[in-house]
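To start, the structure itself, in structure tokens.
The values are calculated or read from the model by the stated rules, or taken from the named source; none is laboratory data. Because the structure is predicted, anything quoted here is derived from the model rather than measured. Here the Cβ positions follow ideal geometry from the backbone for every residue, glycine too, while neighbour counts run over all protein chains shown.
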Amino acid sequence: MAEVLVLVDHVDGEVKKVTTELLTAARRIGEPSAVWVGDGAENGKAALAEFGAEKVYTAPAELNDYVVAPTAQLLAELAQDKGAAAILVSATAGNKEIAGRAAVKLGSGVLTDVVDVNSEVVTEHSIFGGATVTHGRVKTGVPVVAVRPNSFVPEAASGAGAEEAVSVDLPDAAKGAKVVERVVEEQGERPELTEAAVVVSGGRGVGEGKFDVVEQLADTLGAAVGASRAVVDSGWYPNQFQVGQTGKTVSPNLYIALGISGAIQHRAGMQTAKNIIAVNKDPEAPIFELADFGVVGDLHTVAPQLTEEINKRK
């Protein structure tokens with residue numbers, strides 16, 4: 001069975017949930033092999049094996065001294081050397097660039113924002129606000145696939161997790177952009193937006209200085225907080241929480257949209273959520289076309305009532 005390379009997302013040696021989703025998807029195609037760039041592999045190897053990784057390729061931490069080109073070079077060389085059936089990465093901004101660069105080096109194709117994939121590496125994409133489902137396939141070379149977080153339910157399957165150190169000879173072009181500083185983003189107790197199973201987002205209808213109504217409902221549900229572009233552009237909430245085409249793409253089990261009209265820019269970032277609940281005063285708001293459940297009403301009345309009721313049932 002051919003190997004399927006999975007680029008590991010990790011923080012301080014802890015494997016992120018999206019990687020377990022990728023390993024689950026990879027087993028549909030072939031034999032999963034994890035690719036770990038940087039330090040901490042000894043801490044995360046067991047978690048990778050738990051979800052089916054037969055091999056764990058560990059690359060030098062020096063690759064992280066540069067931006068994305070070294071990792072793309074590594075994946076391309078590994079795919080050629082191992083005869084890989086596919087390369088899977090998470091659909092983050094950085095990883096999508098890695099995917100594109102790796103595909104160019106392999107003379108193959110890249111498929112991004114994938115929400116499903118089968119054994120033949122035919123991928124599914126949800127586009128135009130969820131109104132259209134398309135399928136894609138790479139016709140030549142090794143398919144490089146960028147998968148949206150929360151598109152697969154992680155399923156444990158024991159793998160050997162055999163560690164193998166690998167290296168790559170970097171051309172000068174791959175060293176053109178060097179990382180000179182890293183700033184650790186402050187993390188609260190809420191889950192990371194792109195990996196959260198539940199997301200509560202607020203839009204312009206929330207109003208300036210009133211985002212606590214969104215945060216309180218999110219905390220009650222153990223959810224992440226999101227925001228529309230209008231909110232971020234107005235300076236009401238930090239831009240790292242923006243959901244949408246120019247923000248982050250999420251695919252949670254539950255997405256609650258408070259005071260969000262549902263412009264296509266926002267829908268592009270959350271349309272693959274499994275269940276969508278919308279609260280808006282305007283019964284003609286486009287968000288209701290996408291919502292599984294809709295409430296026409298004032299969010300400042302509805303959301304606190306919902307928060308109170310959930311607390312009662314805990």
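Remarks
- Of all residues in the range 161-214, those being under 29 Å from Lys45 (Cβ atoms) and touching a strand residue (DSSP E or B) at 6+ places or on another chain (Cβ under 6 Å) number 13.
- Subset of the range 236-264 (residues that are within 17 Å of Leu193 (Cβ to Cβ) and assigned to a helix (DSSP H, G or I)): Asn239, Gln240, Phe241
- Condition met for Val200 (out of contact with any Lys or Arg (no Cβ under 9 Å at 6 or more places or on another chain) and assigned to a loop (DSSP other than H, G, I, E, B)): no
- With respect to the conditions (1) at pLDDT 95 or above; (2) surrounded by 14 or more Cβ atoms within 10 Å (Cβ to Cβ); (3) closer than 30 Å to Tyr237 by Cα; (4) not small (Gly, Ala, Ser), Asp212 lacks only one, and its number is (2).
- Within the range 129-151, the set of residues being within 24 Å of Gly269 (Cβ to Cβ), part of a loop (DSSP other than H, G, I, E, B) and small (Gly, Ala, Ser) comprises Gly129, Gly130, Ala131, Ser151.
- Residue in the range 280-298 that is at pLDDT below 95, among the charged types (D, E, K, R) and surrounded by fewer than 18 Cβ atoms within 10 Å (Cβ to Cβ) present: yes
Yes or no, residue by residue, for (1) within 24 Å of Ala69 (Cα to Cα); (2) touching a Ser or Thr at 6+ places or on another chain (Cβ under 6 Å); (3) in the same structural domain as Val68 (by TED's automatic domain parsing):
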residue: Glu14; (1), (2), (3): yes, no, yes
residue: Ala26; (1), (2), (3): yes, no, yes
residue: Gly30; (1), (2), (3): no, no, yes
residue: Ser33; (1), (2), (3): yes, no, yes
residue: Trp36; (1), (2), (3): yes, yes, yes
residue: Asp39; (1), (2), (3): yes, no, yes
residue: Lys45; (1), (2), (3): no, no, yes
residue: Leu48; (1), (2), (3): no, no, yes
residue: Ala53; (1), (2), (3): no, no, yes
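- Only listed residue being part of a loop (DSSP other than H, G, I, E, B) and either farther than 20 Å from Trp36 by Cα or over 19 Å from the mean Cα position of the chain (by Cα) (or both), chosen from Ser126, Ser119: Ser119
- Members of the range 158-193 found to be touching a helix residue (DSSP H, G or I) at 6+ places or on another chain (Cβ under 8 Å), assigned to a loop (DSSP other than H, G, I, E, B) and touching a residue at least 60 places away in the same chain (Cβ under 8 Å), listed by number: Ser158, Gly159, Ala160, Gly161, Val166, Val168, Leu170, Pro171, Gly176, Ala177, Val179
- In the set Leu48, Leu106, Leu111, Leu88, only one residue is more than 18 Å from the chain's Cα centre (by Cα) and either surrounded by fewer than 17 Cβ atoms within 10 Å (Cβ to Cβ) or touching a residue at least 24 places away in the same chain (Cβ under 8 Å) (or both); that residue is Leu106.
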